[in-house]
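Contents: one structure, followed by commentary.
The values are calculated or read from the model by the stated rules, or taken from the named source; none is laboratory data. Nothing here was measured: the structure is a model prediction, and the numbers come from that model. Backbone-built Cβ (ideal geometry, glycine too); neighbour counts: all protein chains shown.
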Amino acid sequence: MIDTSSPTFWPDLFKVLLDGTGQTLYMVFFALVFTIIIGLPLGILLVGTERGGLFERPFGSRTAGRIINRVLDFVVNLGRSIPFIILMIAIIPFTRLVVGTFIGSTAAIVPLSIVAIPFFARMVEISVKEVDAGLTEAAHSLGASRWQIVRKVLIPEALPGMLLGLATTVTSIINFSAMVGTVAGGGLGDVAVRYGYQRYSTIHMVGVIIIIFIIVMILQGIATHFARRFARTSVTRGTVRAEASPAASARDAAAERPTA
Amino acid sequence: MISIRSISKSFGSGSSATVALDNVSLEVATGEMYGVVGQSGAGKSTLIRSVNLLERPDAGTIRVAGRELTSMSANELRVARQGIGMIFQHFNLLSSRTVQGNVELALEVIGVDSRDRRARAAEILELVGLSAKSAAYPAQLSGGQKQRVGIARALAARPTVLLSDEATSALDPETTRSILQLLTDINRELGLTVLLITHEMDVVKSVCHSAALLEAGRIVEQGKLVELISTPGSRLARDLFPLGAYQHRPGTTALDITFSGGNADRPVIAQLARDHAIDVSILGAAIETISGNQAGRTRLELPGDLATNSAAIDDLRSQGLLVEILGASA
């Protein structure tokens with residue numbers, strides 16, 4: 001038990017929570033960066049290599065496109081179906097290879113990225129699929145290259161949907177970052193386990209829950225704000241969800257995954 | 001300017017394949033406005049999308065401005081498309097960009113720097129009458145304004161050819177007229193060659209010099225409108241002057257008389273009454289301005305059988321009028 005009457009209790013609590021928050025934000029931030037860098041092109045490639053897609057015939061071969069599409073789809077499904085706690089342990093050799101250790105916040109970025117990349121790739125795929133095929137066609141008629149179409153048409157037009165998908169992704173990264181705490185990954189999850197669970201400190205537990213809640217709310221708020229700003233489909237506000245309802249429901253469905 | 005030579009296209013394969021285009025050939029002269037009419041499913045859309053190879057035909061060749069598109073590499077085709085503007089039924093504007101941004105897209109694609117882009121976009125928006133809306137987003141525009149942006153985008157890179165894929169089909173009649181007027185002005189001022197497809201004969205009638213009728217993937221009739229209207233049995237000409245269905249009455253002879261050019265203002269009916277002492281009834285009439293010329297068609301009913309009226313009919317024909325006998329009592 002922790003002595004709550006000790007004069008150092010409050011400063012200690014504050015420091016523990018602050019450090020935990022710092023580590024969580026550090027893990028989440030870098031995992032998010034890698035997720036975007038790898039997940040965005042992956043999602044675009046998933047749509048592009050489909051039948052009638054922009055990259056239907058890489059290297060001039062429809063078969064190559066089909067193979068790439070199948071492989072990516074398989075990898076994404078695989079990544080999304082393995083429960084995180086198993087994935088995290090299973091890839092320890094890989095984590096050690098990349099970071100040099102599998103303990104600590106930096107090491108935790110590896111499994112967090114790996115779990116979030118396929119998740120975000122699906123979100124990107126859904127958003128890009130929502131872009132009217134007529135826009136791609138119009139860009140083709142202007143003589144745009146495939147790269148120009150991706151950069152100037154698909155990404156800007158899918159941006160509102162992708163931002164909402166990103167918010168869901170961040171939430172699940174935060175979710176998983178807490179689980180990393182159980183295997184010495186640090187962060188708020190670690191605080192919850194070591195103080196809240198092992199030392200029965202309710203106040204630590206409550207503190208962790210409040211902080212995580214606040215972080216999620218802030219990030220979700222930011223994402224929704226920008227999604228609205230970039231969605232020019234309607235002059236009135238608050239229509240992003242309604243406009244993208246098939247994507248939104250698919251996104252909600254995608255958010256349900258085994259978490260333990 | 002546009003030369004389509006025996007192109008064919010079918011979708012699907014095996015027994016479920018549907019033929020969209022069956023050995024279609026078409027020539028559009030430089031500076032001409034050419035309309036292809038046909039019902040839904042006739043293959044119009046496939047035809048126009050074949051011109052810039054958004055849809056690649058299974059067989060046949062496409063030439064635009066003397067260059068064969070069908071044999072080009074992907075890269076050459078991309079460059080060639082920059083010289084072929086296209087507008088769409090549903091406008092296909094980027095919702096994430098302003099009007100100005102949408103027009104500039106066409107210029108970004110060809111690598112124009114930002115200052116020249118802005119100047120050219122302003123210039124072309126002025127031409128389509130949308131300068132005031134350059135900072136608006138497509139969601140804030142009406143259908144007609146969106147199509148003007150579509151036209152501005154299509155013209156920004158100074159193409160020599162404009163393809164119009166049912167550009168006015170989603171617009172109300174008044175907006176349709178203003179868009180067609182704009183296309184006519186552009187055709188005249190910029191000398192742009194325009195190929196348009198539509199299911200509305202009115203569109204062809206008001207702006208086109210030439211037309212083709214597409215049916216089940218085949219061209220059943222084509223030519224200059226002024227020639228078509230003096231072609232006996234022309235279905236395009238019949239659609240240009242809709243006179244309705246004809247119901248034969250016993251003991252009468254019915255005629256469709258087509259006037260065009262110089263004989264449009266002859267007092268035919270008075271002449272029939274005076275010279276042949278026939279009591280003419282008018283069943284219907286339509287007058288249109290086609291390619292700048294007055295032309296019209298009148299449906300007359302004459303009492304008596306064909307033999308009784310043959311002298312009068314010969315007389316009309318000898319004046320250079322196109323006379324078609326719709327029905328006569330023997």
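Restricting to region A:134-165, name every residue that is of a type in the set (Gly, Ala, Ser), assigned to a helix (DSSP H, G or I) and either buried (at least 21 other Cβ atoms within 10 Å of the Cβ) or more than 9 Å from chain B (Cβ to nearest Cβ) (or both). Those that are of a type in the set (Gly, Ala, Ser), assigned to a helix (DSSP H, G or I) and either buried (at least 21 other Cβ atoms within 10 Å of the Cβ) or more than 9 Å from chain B (Cβ to nearest Cβ) (or both): A:138, A:139, A:141, A:158, A:161, A:165.
Listed by first and then second residue, the pairs linking a residue in region B:282-308 that is closer than 17 Å to residue B:211 by Cβ to a residue that is surrounded by fewer than 17 Cβ atoms within 10 Å (Cβ to Cβ) and among the β-branched types (Val, Ile, Thr), with Cβ atoms under 7 Å apart and 6 or more places separating them unless they lie on different chains, are B:290/B:226; B:291/B:226; B:293/B:226.
Within region B:282-309, being surrounded by 14 or more Cβ atoms within 10 Å (Cβ to Cβ) and over 30 Å from residue B:208 (Cβ atoms) holds for B:301, B:302, B:303, B:304, B:305, B:306, B:308, B:309. Quick check on residue B:245: is it outside any loop (DSSP other than H, G, I, E, B) and over 14 Å from residue B:289 (Cα atoms)? No; evaluated as a whole, the condition is false for this residue. Being in a helix (DSSP H, G or I) and hydroxyl-bearing (Ser, Thr, Tyr): is that true of residue A:35 here? Spelling it out, residue A:35 is indeed in a helix (DSSP H, G or I) and hydroxyl-bearing (Ser, Thr, Tyr). Evaluating residue B:36 against the criteria (1) at positive phi; (2) in a strand (DSSP E or B); (3) touching a residue at least 60 places away in the same chain (Cβ under 8 Å) leaves one unmet condition, (1). Only one of the listed residues (B:7, B:48) is in contact with a strand residue (DSSP E or B) (Cβ under 7 Å, 6 or more places away or on another chain), assigned by TED's automatic domain parsing to the domain that holds residue B:107 and within 29 Å of residue B:111 (Cα to Cα). That residue is B:48. The sole residue among B:99, B:149 that is crowded, with 23+ Cβ neighbours inside 10 Å and farther than 27 Å from residue B:30 by Cβ is B:99. In this structure, is residue A:68 assigned to a helix (DSSP H, G or I), away from chain B (no Cβ under 11 Å), in contact with a Ser or Thr (Cβ under 6 Å, 6 or more places away or on another chain) and surrounded by fewer than 21 Cβ atoms within 10 Å (Cβ to Cβ)? Here the answer is yes, as residue A:68 does meet what is asked.
Counting only helices (runs of 4 or more DSSP H) that fall entirely inside region B:42-147 and contain at least 2 residues that are away from every other protein chain (no Cβ under 14 Å), the qualifying elements are B:44-51, B:114-127. Annotation for region A:113-131: at least one member residue is within 14 Å of another protein chain (Cβ to nearest Cβ) and without any contact (Cβ under 8 Å) to a residue 60 or more places away in the chain. Give the number of residues within region B:75-94 that are among the basic types (Lys, Arg) and either buried (at least 22 other Cβ atoms within 10 Å of the Cβ) or outside the structural domain of residue B:160 (by TED's automatic domain parsing) (or both). So the answer is 1.
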